[in-house]
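Below is one structure; the comments refer to it alone.
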Amino acid sequence: MQKEFFKYQAQTTQFAAGFEVEKAVGSYIYGTDGRKYLDFVAGVSANTLGHSHQKIVDAIKEQAEKYLHVMVYGEYAQEKPVALCQLLAESVPDPLEVTYLVNSGAEAIDGALKLAKRYTGREEIISMKDAYHGNTHGALSVAGNEYHKREFRPLLPMVNFIEFNNEADFPKITEKTACVIAETIQGAAGFLMPSENYFRNLKKRCEEVGALLILDEIQPGFGRTGKLFAFEHYGIVPDILVMGKGMGGGVPVGAFMSSKEMMETLSHSPKLGHITTFGGNPLIAASSHATLQEVLDSGLMNETDAKEKLFRELLIHPKIKNINGKGLMLAVNLGSPDFTIHIAKKCMEKGLIVFWQLYRNEYMRISPPLTISEDEIREGCAVILEALNEN
């Protein structure tokens with residue numbers, strides 16, 4: 001299978017692992033080599049409840065026996081998409097009340113940018129240096145790392161950048177600005193946290209000039225930081241909320257959410273202001289609804305602080321410079337990209353799956369399922385320390 005993988009499937013790097021997957025259950029992925037591998041990555045924060053969670057599998061099976069795709073987004077009332085959107089509305093603060101379901105986080109970013117420009121009638125978008133929002137043309141346009149976008153220009157015009165956590169840049173947000181888009185926690189840059197009052201003051205500046213605040217919660221969303229969404233830690237509510245990855249529990253999905261007044265502007269002048277064939281697919285919505293319900297009901301979010309503390313207590317080593325992030329969204333600084341990639345490979349050989357951050361390869365990603373146990377955390381951290389001691 002590995003030979004065919006490299007021959008027929010497009011690659012994203014020149015050094016893909018080609019690991020052959022047999023099955024995945026709970027916190028483990030099982031290879032065709034007969035070994036099991038503890039997963040500290042969770043599909044890059046996508047498998048919120050681990051692999052093959054029974055409630056998700058049952059929800060998918062139940063929906064599959066009823067119907068799959070029946071009509072493009074927004075035309076027919078279907079049980080699971082409606083239930084998902086209702087549960088989201090009941091679980092977040094006002095004025096977030098209406099959800100547009102799409103196929104990925106990147107598509108949700110594109111939809112959110114369109115919504116902001118349509119609602120405000122303005123053209124300028126302000127993003128953050130070192131931001132990452134996905135790889136569609138719109139999402140790439142608001143990415144803050146030139147190395148990853150320069151070969152694909154021209155991108156969207158009238159996109160300007162400010163520095164994350166630097167309030168001295170706020171005067172660049174003006175009456176010409178349609179929106180400011182930010183990751184609540186900067187992901188590809190190494191899980192960088194906002195300073196204590198940064199988002200309060202950023203939201204205040206946006207309100208002063210009539211700009212909208214879009215928060216990208218594609219990674220921290222659905223409980224990874226101990227709250228359903230990370231913005232709840234900072235005393236503000238975005239005008240537009242973007243989500244993806246973990247909301248599906250392992251299936252492809254994204255969404256953007258706003259007030260009813262704002263979202264209605266996509267339905268006219270022109271009609272079909274944003275349209276998608278498979279967004280809101282009932283099979284995907286069934287999985288997402290089951291994921292959200294379990295995250296809300298299980299108490300898993302209440303366990304993330306203790307699990308984060310355990311990681312930080314165990315991962316103490318002279319070769320670990322620092323650990324960024326919050327909850328089960330941690331980035332371990334090993335000093336250099338080459339060393340981090342080497343340690344990730346050694347961990348894989350020892351039965352532990354870790355990864356690295358897109359922009360800052362010196363940071364090793366730790367984003368396990370919310371369901372990971374303390375024993376599994378100890379098991380995986382022991383492997384990391386062993387790899388560090390041997391290298």
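The values are calculated or read from the model by the stated rules, or taken from the named source; none is laboratory data. Keep in mind that what you see is a predicted model, and the values were worked out from it rather than measured. Glycine gets a Cβ as well: all are built from the backbone with ideal geometry, and neighbour counts include every protein chain shown. Side chains are part of the model used for accessible areas, which takes the heavy atoms of the whole protein and leaves out ligands, DNA and RNA. Shrake-Rupley method; radii C 1.70, N 1.55, O 1.52, S 1.80 Å.
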Problem set entry | Note, ³J(HN,Hα) from phi for region 365-372, Karplus 6.51, -1.76, 1.60, rounded to Hz, x at Gly and Pro | 7, 10, 9, x, x, 4, 7, 4
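How much length is gained if the chain between residue 87 and residue 166 is pulled fully straight, taking 0.36 nm per residue apart and subtracting their Cα-Cα distance, in nm to one decimal?
Working: separation 79, 0.36 × 79 = 28.44 nm, distance 3.53 nm.
Contour length minus the Cα-Cα distance gives 24.9 nm.
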Seminar exercise, completed: Long-range amide H partners of residue 51, meaning residues 5 or more apart or on another chain whose placed amide H is closer than 5 Å, are 26, 27, 28
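How large is the Rg to Rh ratio of region 180-302 when both quantities use alpha carbon positions and Rh follows Kirkwood? Please report the intermediate quantities before stating the final value.
Numbers: Rg = 15.6 Å, Rh = 15.8 Å.
With Rg and the Kirkwood Rh in hand, the quotient comes to 0.99.
Residues of region 68-217: accessible area per residue at 1.4 Å, in Å²?
On the way: 6660 Å² over 150 residues.
I get 44 Å² per residue for this part.
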Exercise. Comparing 74, 221, 327, which has the greatest mean-square fluctuation in the GNM of the chain with Cα pairs linked when under 10 Å apart?
Worked result: 74
Seminar exercise, completed: Whole-percent tail of the Cα-Cα distance distribution for the chain, cut at 36 Å, equals 22
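Using helices alone, what [θ] at 222 nm do you get for the chain, with -39,500 (n - 2.57) per DSSP H run of 4 or more residues, divided over all residues and rounded to the nearest 500? Could you put the intermediate results ahead of the total?
Numbers: 12 runs with 130 residues, N = 391.
Value at 222 nm, helices only, nearest 500: -10000 deg cm²/dmol.
Rounded to a whole number, what is D in µm²/s for region 157-243 from Stokes-Einstein with the Kirkwood radius over alpha-carbon pairs (10 °C, 1.306 mPa s)? Could you put the intermediate results ahead of the total?
Details: Rh = 13.2 Å.
In µm²/s, the coefficient rounds to 120.
Per residue, how many Å² of accessible area does region 298-391 show with a 1.4 Å probe?
On a per-residue basis, 42 Å².
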Exercise. Pairing the Cα long axis of helix 304-314 with the longest principal axis of the chain, what angle in degrees results, from 0 to 90 and rounded to the nearest 10?
Worked result: 40
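What full-extension length gain, to one decimal in nm, is calculated for residue 275 and residue 296 as 0.36 nm per residue of separation minus the Cα-Cα distance? Can you show the working numbers first?
Numbers: separation 21, 0.36 × 21 = 7.56 nm, distance 2.97 nm.
Value of the extension gain: 4.6 nm.
Loop-only chymotrypsin sites (Phe, Trp or Tyr not before Pro) in region 1-101, please: DSSP not H, G, I, E or B, and at most 13 other Cβ atoms within 10 Å. All intermediate terms of the calculation are to be shown ahead of the outcome.
Working: sites: 5, 6, 8, 15, 19, 28, 30, 37, 40, 67, 73, 76, 100; in loops: 15, 19, 40, 67, 73, 76.
When the chymotrypsin sites (Phe, Trp or Tyr not before Pro) of region 1-101 are filtered for loop state and at most 13 Cβ neighbours within 10 Å, 15, 67, 76 remain.
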Exercise. Using the alpha-carbon atoms, what tilt in degrees (0 to 90, nearest 10) does helix 79-91 show relative to the longest principal axis of the chain?
Worked result: 90
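Give the residue list of trypsin sites (Lys or Arg not before Pro) in region 1-94 that are DSSP loop and have at most 14 other beta-carbon atoms within 10 angstrom. List each step's numbers first, then the result.
Numbers: sites: 3, 7, 23, 35, 36, 55, 61, 66; in loops: 35, 66.
For trypsin sites (Lys or Arg not before Pro) across region 1-94 that sit outside H, G, I, E and B with at most 14 neighbouring Cβ atoms in 10 Å, the list reads 35, 66.
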Seminar exercise, completed: For the chain, the longest principal axis of the Cα atoms and the Cα long axis of helix 54-64 enclose an angle in degrees, to the nearest 10, of 50
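Based on the Cα atoms of region 312-373, what semi-axes does the equivalent ellipsoid have, where each is the square root of 5 times one gyration tensor eigenvalue, given in whole Å with the largest first? Numbers along the way, then the final one.
Details: eigenvalues 57, 41, 28 Å².
One finds semi-axes of 17, 14, 12 Å for region 312-373.
Sorted from largest to smallest, which semi-axis lengths in Å does the alpha carbon gyration tensor of region 345-384 give for its equivalent ellipsoid, taking the root of 5 times each eigenvalue? Working shown, then result.
On the way: eigenvalues 71, 35, 11 Å².
Equivalent ellipsoid semi-axes, largest first: 19, 13, 7 Å.
Can you give the relative contact order of region 1-106 as a percent, counting alpha carbon pairs under 8 Å and 6+ residues apart? Walk me through the numbers on the way to the answer.
Values: 63 pairs, mean separation 13.7, N = 106.
Relative contact order of region 1-106: 13 percent.
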For this session: Quick one: go through region 229-266 and flag any residue whose amide nitrogen is under 16 Å from the point 7 Å out along the Cα-to-Cβ line of residue 94.
Result: 237-239, 258-262
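Multiplying the sequence separation of residue 322 and residue 2 by 0.36 nm and subtracting their Cα-Cα distance, what value in nm do you get? Write out the running numbers ahead of the final one.
Working: separation 320, 0.36 × 320 = 115.20 nm, distance 3.59 nm.
Going from the current span to full extension adds 111.6 nm.
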For this session: Measure off, as a whole percent, the carbon and sulfur share of the 1.4 Å-probe accessible area of the chain, all protein chains present.
Result: 51
For this session: Two decimals is fine: what's Rg over Rh for region 1-131, C-alpha atoms, Kirkwood radius as Rh?
Result: 1.03
Exercise. With each label point set 7 Å from Cα along the Cα-Cβ vector, what nm distance links residue 373 and residue 336?
Worked result: 3.9
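Contact order normalised by length for the chain, with contacts defined as Cα pairs under 8 Å and 6 or more residues apart; what percent is it? Intermediate results must be reported in sequence, preceding the final value.
Values: 796 pairs, mean separation 88.4, N = 391.
Reported as a whole number, the value is 23 percent.
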Seminar exercise, completed: For region 224-230, in residue order, the Karplus 3J(HN,Hα) values (coefficients 6.51, -1.76, 1.60; θ = phi - 60°; whole Hz; Gly and Pro = x) are 5, 9, x, 10, 4, 10, 5
Exercise. log10 I(q)/I(0), Debye, Cα-only region 1-56, no solvent, q = 0.19, 0.20, 0.24, 0.30 Å⁻¹?
Worked result: -0.79, -0.85, -1.03, -1.15
Problem set entry | Charged-residue dipole, Cβ positions (Lys, Arg, Asp, Glu), region 50-121 about Cα centre, Debye nearest 20 | 200
Seminar exercise, completed: Phi-derived 3J(HN,Hα) across region 12-20 with the Karplus relation (6.51, -1.76, 1.60, θ = phi - 60°), rounded Hz, x for Gly and Pro, is 9, 9, 9, 9, 4, 5, x, 4, 8
For this session: Could you tell me what percent of the DSSP beta bridges with both partners in the chain are antiparallel, to the nearest 5?
Result: 60
Problem set entry | Per-selection metrics, region 234-391 (Cα): Rg and Dmax in Å | 19.7, 63
Problem set entry | Where GluC sites (Glu not before Pro) in DSSP loops with at most 15 other Cβ within 10 Å are excluded, longest remaining stretch of the chain | 197-391
Problem set entry | Cα-based convex hull, region 71-179, per residue volume (Å³, whole number) | 139
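Starting from the exponent 0.38 and prefactor 2.2 Å, build the expected Rg for region 183-225 from its residue count and divide its actual Cα Rg by it. Write out the running numbers ahead of the final one.
On the way: Rg = 11.6 Å, N = 43, 2.2 N^0.38 = 9.2 Å.
Normalised Rg, Cα atoms only: 1.27.
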Problem set entry | Under-5 Å amide H pairs with residue 280, H placed in peptide plane, nonlocal only | 102
